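Worksheet: the structure to be examined is printed underneath.
The values are calculated or read from the model by the stated rules, or taken from the named source; none is laboratory data. As the structure is a prediction and not an experimental result, all values here were calculated from the model. Here Cβ is always computed from backbone atoms with ideal geometry, including for glycine, and neighbour counts include all displayed protein chains.
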Amino acid sequence: MPFKLFDVNKEIPEREKHVYVKHCEDTEDSIDCNTSTVPGCMGARGCVYAGSKGVITGAIKDVVHVVHSPVGCTTYGGGAKRYPSQPKLPNGEVFPVDNFNLKYVCGTDLKESDVVFGGVKKLKQSVIEAVKEFPFATAIYCHATCTTGLIGDDMDAVCKELTQELGKDVIAFNTPGFAGPSQSKGHHITNDTIFSRMVGSKEPPKTTEYDICLIGEYNIDGDLWVIEKYLNEMGINILSRFSGDSSHEEICYMHRSKLNLVRCQRSATYIADLIEEKYGIPYVNVDFFSTEYCSDNLRMLGRHFGLEEEAEKVIAKYHGEVKDELKYYKEKLTDKKIYIFSGGPKSWHLSIPLEKELGMNVTAVASEFEHEDGYEKMKARVKDGTAILDDPNSLELEELIATNKPDIILAGIKEKYLAYKYGVPSIMIHSYENGPYIGFEGFLNLAKDLYANIYNPVWKLVEFEENLEEAQDEVLTTSEEETTMEAGK
Ligand code: SF4
């Protein structure tokens, strides 16, 4: 059977269908995914509002966010990922606050009485106050949350009215936390809202034959700027970014691109599909992680735009700068066991490069919110015996560490300190440590972080070993107790 039931899941057998162990003969079985977390599990997912504000709109640099919620969701929305932005806007003006998108979030601070009598008045008042506070903001984005979804405030109507009154775009994102099983639904709703409310509503100052939109690239720790540098050197112009280091305005003219590149294919293919359908602009899926994928994709773009020579020059220049150092890190990282517990597609983007270019041994991959197509890619890219987990929980990770101790885990903040407890280093793959991690120099940064974390002498401290031994004993005792109980039946 390709599915695995962890010992910790004996009381919740539904989890079995979410954990798949690759075996070359099992090609038909598909992993259960994109469904609500099994009750009883402490998952690591975000809510639908988190998928909207935390992933997509939170990267846009010149808008002010008003979260229509009690204070908790607003605070949650303030903890953005590391999405840096430059103050320059497409019209040449300079936005007055540096990294504005990482610094501010406003909320309506709903109380019990608003739940009873409705929160529309507070929403209007908060938007007007936000505009007074930040008059330079280009637009205002209003976010629904569980509370406002339940009380049923008509945010679309309020935002329409305020758009007229204030003379700038006020946009409602109807993303109550409970509107879907995970943040993935928030990505989808936000793609649809941005497409219907913004794309096609403005015209770019100028266009060229080499204009592209870079979709699903959020500029984590500067990733976008690495890709932008390569493309600019080839002669390709990024007309609109969706949505790292992006402005509200440039998203409004995505319909003038000549080709769309989709980087995160889980959170942003929706808008590429909609643009293709309405405006006939084709899109290609791209991958710039690692030297090989990056070279392949730059060559593909070179062929598309007739810029083959320019692509080769960029590849030779930037690959040349890192290749010797990468050899050193490959020697150090060969055979090191690694798990990739990412939010979405990095589990399949990175599995082959880590093995092929750094010699590592990927033995478990996981995602909080992937869909069936993403798991099919993971199955195709990992080797036999690798565990693939959908919506993993912390007890499962503990059991995996106890039974199959990895040398390092690529994961988020929720897994990081759990791994540390057992003497296992962990690198943040959602927000990075010393990124960027994309492109040639980015892959070298990742290799350096892997090396520095694995070889840190702190992991030799004796108490980590004790914690791990305790966890291993626990797994053994549980299995023995169960065998005894089975025998006594
Ligand atoms: S929207 Fe709902 S699930 Fe999301 S943070 Fe607010 S209360 Fe929690």
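Among what's in the stretch 131-153 and is more than 14 Å from the ligand (Cβ to nearest atom), farther than 20 Å from PHE195 by Cα and not β-branched (Val, Ile, Thr), pick the residue that is surrounded by the most Cβ atoms within 10 Å (Cβ to Cβ). If you could, list the steps in order and put the result at the bottom.
At the first step, the residues of the stretch 131-153 found to be more than 14 Å from the ligand (Cβ to nearest atom) are 131-141, 152.
After this cut, where a residue has to be farther than 20 Å from PHE195 by Cα as well, the list is 131-137, 152.
Of the ones still in play, those that are also not β-branched (Val, Ile, Thr) are 132-137, 152.
Working: LYS132: 8, GLU133: 11, PHE134: 18, PRO135: 10, PHE136: 12, ALA137: 21, GLY152: 10.
The extreme case among them is ALA137.
Let's see how each residue does on (1) among the aliphatic types (A, V, I, L, M); (2) out of contact with any helix residue (DSSP H, G or I) (no Cβ under 7 Å at 6 or more places or on another chain); (3) assigned to a helix (DSSP H, G or I):
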residue: ARG241; (1), (2), (3): no, no, no
residue: GLU250; (1), (2), (3): no, yes, yes
residue: SER267; (1), (2), (3): no, no, no
residue: ALA272; (1), (2), (3): yes, yes, yes
residue: ASN297; (1), (2), (3): no, yes, yes
residue: MET300; (1), (2), (3): yes, yes, yes
residue: VAL314; (1), (2), (3): yes, no, yes
residue: GLU325; (1), (2), (3): no, no, yes
residue: TYR328; (1), (2), (3): no, yes, yes
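Tallying residues that are modelled with pLDDT under 95, outside any helix (DSSP H, G or I), within 31 Å of the chain's Cα centre (by Cα) and over 30 Å from TYR230 (Cβ atoms) within the stretch 429-487 yields 0. The set of residues in the stretch 87-137 being charged (D, E, K, R) and in a loop (DSSP other than H, G, I, E, B) consists of GLU93, ASP98, ASP109, LYS111. Which residues, counting only those in the stretch 282-294, are in contact with a Leu (Cβ under 9 Å, 6 or more places away or on another chain) and touching a residue at least 40 places away in the same chain (Cβ under 8 Å)? Within the stretch 282-294, TYR283, PHE288, PHE289, SER290, THR291 meet the criteria.
How many residues does the stretch 58-67 contain that are more than 10 Å from the ligand (Cβ to nearest atom), touching a residue at least 60 places away in the same chain (Cβ under 8 Å), of a type outside the set (D, E, K, R) and more than 12 Å from PHE134 (Cβ to Cβ)?
Kept after step one, since they are more than 10 Å from the ligand (Cβ to nearest atom), are these residues of the stretch 58-67: 58-66.
With touching a residue at least 60 places away in the same chain (Cβ under 8 Å) added as a condition, the list becomes 59-66.
Filter once more, so that each one left must be of a type outside the set (D, E, K, R): 59-60, 63-66.
Going one step further and asking which of them are more than 12 Å from PHE134 (Cβ to Cβ), we end up with 59-60.
Qualifying residue count for the region: 2.
Close Cβ contacts (under 7 Å, 6 or more residues apart or on different chains) running from residues in the stretch 170-194 that are more than 28 Å from ASN393 (Cα to Cα) and assigned to a strand (DSSP E or B) to residues that are more than 15 Å from the ligand (Cβ to nearest atom) and modelled with pLDDT under 95 are absent. For ARG263, are the conditions met, namely being buried (at least 18 other Cβ atoms within 10 Å of the Cβ), under 28 Å from GLY359 (Cβ atoms), not β-branched (Val, Ile, Thr) and not assigned by TED's automatic domain parsing to the domain that holds SER342? Answer is yes for this residue. Would you please name the residue that is farthest from GLU165 (Cα to Cα), looking only at residues in the stretch 118-135 that are of a type outside the set (A, V, I, L, M) and out of contact with any helix residue (DSSP H, G or I) (no Cβ under 9 Å at 6 or more places or on another chain)? The selected residue is GLU133. Here TYR104 passes the criteria (1) under 30 Å from GLY118 (Cβ atoms); (2) within 16 Å of the ligand (Cβ to nearest atom) except the one numbered (2). Among the residues of the stretch 195-208, just one is surrounded by fewer than 14 Cβ atoms within 10 Å (Cβ to Cβ) and in a helix (DSSP H, G or I), namely SER196.
Do we have VAL116 as within 22 Å of ILE194 (Cβ to Cβ) and either of a type outside the set (S, T, N, Q) or within 16 Å of the ligand (Cβ to nearest atom) (or both) here? For VAL116, the condition - within 22 Å of ILE194 (Cβ to Cβ) and either of a type outside the set (S, T, N, Q) or within 16 Å of the ligand (Cβ to nearest atom) (or both) - is not met. Annotation note: of SER30, SER85, SER52, the sole residue that is modelled with pLDDT of 95 or more, away from the ligand (no atom under 16 Å from the Cβ) and of a type in the set (Ser, Thr, Tyr) is SER85.
Within the stretch 274-295, how many residues are in contact with an Asp or Glu (Cβ under 7 Å, 6 or more places away or on another chain) and not in a helix (DSSP H, G or I)? Working first, answer last.
In the first step, residues of the stretch 274-295 are kept if they are in contact with an Asp or Glu (Cβ under 7 Å, 6 or more places away or on another chain); the result is 282-283, 290-293.
Narrowing the set further to residues that are not in a helix (DSSP H, G or I) leaves 282-283, 290.
Residues that pass the stated criteria total 3.
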